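Visitor: Got a structure for you, written out below as structure tokens; questions coming shortly.
The values are calculated or read from the model by the stated rules, or taken from the named source; none is laboratory data. Since this is a predicted model, take the numbers as computed values, not measurements. Cβ placement follows ideal geometry from the backbone for every residue including glycine, while neighbour counts extend to all protein chains displayed.
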Amino acid sequence: MAERLPARAALDAVADGFAELPGLPHSAGDGDGPIGWEGYGAARARARERTGERESVVCGTGTVGGVPAVLIAFEFAFLGGSLGQRTGDRIEAAHRHAREARLPVVSLIATGGSRMQEGMRALVQLQRVARQSALTRAAGLPQIAVARDPTTGGGWATLGAGSDVVLALPGAQVAFAGSRVRPPGADPAAYGAEEKLAAGQVDRIVAPDELRDVLGRWLSLLGSPAEGPAEPPRALGAAPGPPKSGWEAVERARSPHRPRADAYLDAYFEVREEISGDRCGGTDPGMRCGFGRRNGRTVAYAAQCGTPTLPAGFRTAARLVRLADRLGIPVLTLVDTPGAANDEAAERSGAGAAIAEAFAAVAEARVPVTTLVVGEGGSGGALALAAPDNTWVAPDAYFSVIAPESAAAILKRGPERVRTTADELRLRPQDLVELGVARGIVAP
């Protein structure tokens, strides 16, 4: 179980100069509440005396890593950090202030869910919170959630899972179902931060002593977009002149010694942070997505790593492009895949719909998208990440309507004709430029 810090201690751990928003509503004088729950007023009074807080959330402004932000911190010792009418009032006030002051929102969550003693009046606060989050999202302001222990119920399903970036403390309970309402014999791991990371629902597990720095980097990255399109990376490696044949281009791209996405990302960015997963149960280790600083400004990236791209990878890339688009951050994509995964698991996970989502995200983006093909460009699984009219190619890469082996098989040609088929497909870097598919071949 993660350490349960009080709200003020959690704020002190990540922020400098925190100041609570003035005039926030609280429930003193509300008696036994909207449904007359016997003893509710006394329970709130005890919670105030025990914690020194007037409600289950503390809302204000502070700086994190030098970046001003609105901060929302839950006090779990105040009725389990539950959401009631006044909690909703406070969170709404915090989001309104964020939009008025053009500040990002950081939510430090520790809640057991909605407050039973207020009945449906408490539950409908989730609609209010979701609306405020949506308005802040529409205003182009980033939202980062930190899932403390526990982050369950409606707090997870609104402020938590609905944020742009979700960080979690090690060992924290992170789940919609709270500990007392889970099925008998349920696996506790399914309700923890680590499993949520594996299932693509959390972006990163962060140790408490690293949280301030990680939050500061994220806020800095999401708040300082580069101007104009990202420049394509320079070529890495040493290709000895243009490939003479299509098959030579394929062999170069498939070489185990060719630089991969990680090498390009490391050379291109000074610092970067990654998102992880598609938010609906899947991750793809062959797709790297995140935000990086280049020359002091931020560029978003989605990079294939040379493996068949899984449906979760396409959905994660689409999520990245849409987030960058909303925040006005240009996007760089690195194409390197033999194609989309085509096994039974991929089909059952919605390969077609996931690829369509990636195509749509790139097509709809208002920010400029730049693409560099760094290795294999295999069919639609590669094209889904490619920028129309702004795709470049590395000297040791190729891009093809289909892999030469598959093309030969479809055309009922024997294996001995795979190499000539590669030539006929005109997939070499210089062919791509001549065909108008690529703008140019990047230099070392």
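Visitor: Out of the residues in the range 431-444 meeting the condition of being touching a helix residue (DSSP H, G or I) at 6+ places or on another chain (Cβ under 9 Å) and not in a loop (DSSP other than H, G, I, E, B), tell me which one is farthest from P233 (Cα to Cα).
Guide: D431
Visitor: Any residue that is part of a loop (DSSP other than H, G, I, E, B), touching a strand residue (DSSP E or B) at 6+ places or on another chain (Cβ under 9 Å) and buried (at least 18 other Cβ atoms within 10 Å of the Cβ) - is there at least one of those in the range 50-71?
Guide: yes
Visitor: If you don't mind, another one. So, of the residues in the range 196-216 that are out of contact with any Leu (no Cβ under 9 Å at 6 or more places or on another chain) and outside any helix (DSSP H, G or I), which turns out to be surrounded by the fewest Cβ atoms within 10 Å (Cβ to Cβ)?
Guide: Of all residues in the range 196-216, those out of contact with any Leu (no Cβ under 9 Å at 6 or more places or on another chain) come to 196-201, 209-210, 212-213, 216.
Imposing the further condition that a residue be outside any helix (DSSP H, G or I) reduces the set to 199-201.
On the way: A199: 17, G200: 21, Q201: 25.
Here the answer is A199.
Visitor: Mind checking which residues of the range 19-32 are surrounded by fewer than 19 Cβ atoms within 10 Å (Cβ to Cβ) and either of a type outside the set (A, V, I, L, M, F, W, C) or modelled with pLDDT of 95 or more (or both)?
Guide: Passing the criteria: A19, E20, L21, P22, G23, P25, H26, G29, D30, G31, D32.
Visitor: Scanning for something among the aliphatic types (A, V, I, L, M), modelled with pLDDT under 90 and assigned by TED's automatic domain parsing to the domain that holds L71, does the range 168-182 turn up at least one residue? Lay out the reasoning, then the answer.
Guide: Pass one, the range 168-182, residues among the aliphatic types (A, V, I, L, M): 168-169, 172, 174-175, 177, 181.
This time we only want the ones that are modelled with pLDDT under 90, so: 177, 181.
Okay, now just the ones that are also assigned by TED's automatic domain parsing to the domain that holds L71, so 177, 181.
Yes, that holds for at least one residue.
Visitor: Look through A341, A324, A263 and report the one residue that is touching a strand residue (DSSP E or B) at 6+ places or on another chain (Cβ under 7 Å), closer than 29 Å to A443 by Cβ and not charged (D, E, K, R).
Guide: That would be A324, the only listed residue that is touching a strand residue (DSSP E or B) at 6+ places or on another chain (Cβ under 7 Å), closer than 29 Å to A443 by Cβ and not charged (D, E, K, R).
Visitor: Just name the residue that is farthest from the chain's Cα centre (by Cα) out of those in the range 136-175 that are surrounded by fewer than 16 Cβ atoms within 10 Å (Cβ to Cβ) and under 20 Å from S276 (Cα atoms).
Guide: Only one residue fits best here, namely G171.
Visitor: I've got another one for you. If the Cβ limit is 8 Å and pairs must be 6+ apart or interchain, which residue in the range 423-439 that is in contact (Cβ under 8 Å) with a residue 60 or more places away in the chain and at negative phi pairs with which residue that is outside any helix (DSSP H, G or I) and among the β-branched types (V, I, T)?
Guide: From the range 423-439, the pairs are L425/V401; L425/I402; P429/V393; P429/I441; Q430/I441; A438/V373; A438/T391; A438/V393.
Each row is one residue, and each column tells you yes or no for (1) assigned to a loop (DSSP other than H, G, I, E, B); (2) crowded, with 18+ Cβ neighbours inside 10 Å; (3) not assigned by TED's automatic domain parsing to the domain that holds G162.
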{"residue": "P34", "(1), (2), (3)": "yes, no, no"}
{"residue": "L103", "(1), (2), (3)": "yes, yes, no"}
{"residue": "I109", "(1), (2), (3)": "no, yes, no"}
{"residue": "A122", "(1), (2), (3)": "no, yes, no"}
{"residue": "Q127", "(1), (2), (3)": "no, no, no"}
{"residue": "S133", "(1), (2), (3)": "no, yes, no"}
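Visitor: Out of R315, R288, report the one residue that is surrounded by 20 or more Cβ atoms within 10 Å (Cβ to Cβ), part of a helix (DSSP H, G or I) and among the basic types (K, R). Walk me through how you get there before you give the answer.
Guide: Values: R288 fails: part of a helix (DSSP H, G or I).
After applying the criteria, what remains is R315.
Visitor: Moving to a separate point now. Any residue at all in the range 19-26 that's touching a strand residue (DSSP E or B) at 6+ places or on another chain (Cβ under 8 Å), part of a helix (DSSP H, G or I) and not hydrophobic (A, V, I, L, M, F, W, C)?
Guide: Scanning the range 19-26, I find no residue that is touching a strand residue (DSSP E or B) at 6+ places or on another chain (Cβ under 8 Å), part of a helix (DSSP H, G or I) and not hydrophobic (A, V, I, L, M, F, W, C), so the answer is no.
Visitor: Here is a follow-up. Going through the range 167-201 one residue at a time, which ones are hydrophobic (A, V, I, L, M, F, W, C) and more than 18 Å from S114 (Cβ to Cβ)? Steps first, answer last, please.
Guide: Start the filter on the range 167-201 by keeping residues that are hydrophobic (A, V, I, L, M, F, W, C), which leaves 167-169, 172, 174-177, 181, 186, 189-190, 193, 197-199.
Listed by number, the residues that qualify are L167, A168, L169, A172, A186, A189, A190, A193, L197, A198, A199.
Visitor: Taking the range 13-32, which residues are in contact with a Ser or Thr (Cβ under 6 Å, 6 or more places away or on another chain) and farther than 17 Å from G52 by Cβ?
Guide: Quick first cut of the range 13-32, residues in contact with a Ser or Thr (Cβ under 6 Å, 6 or more places away or on another chain) only: 16-17, 19.
D16, G17 - these are the residues of the range 13-32 that are in contact with a Ser or Thr (Cβ under 6 Å, 6 or more places away or on another chain) and farther than 17 Å from G52 by Cβ.
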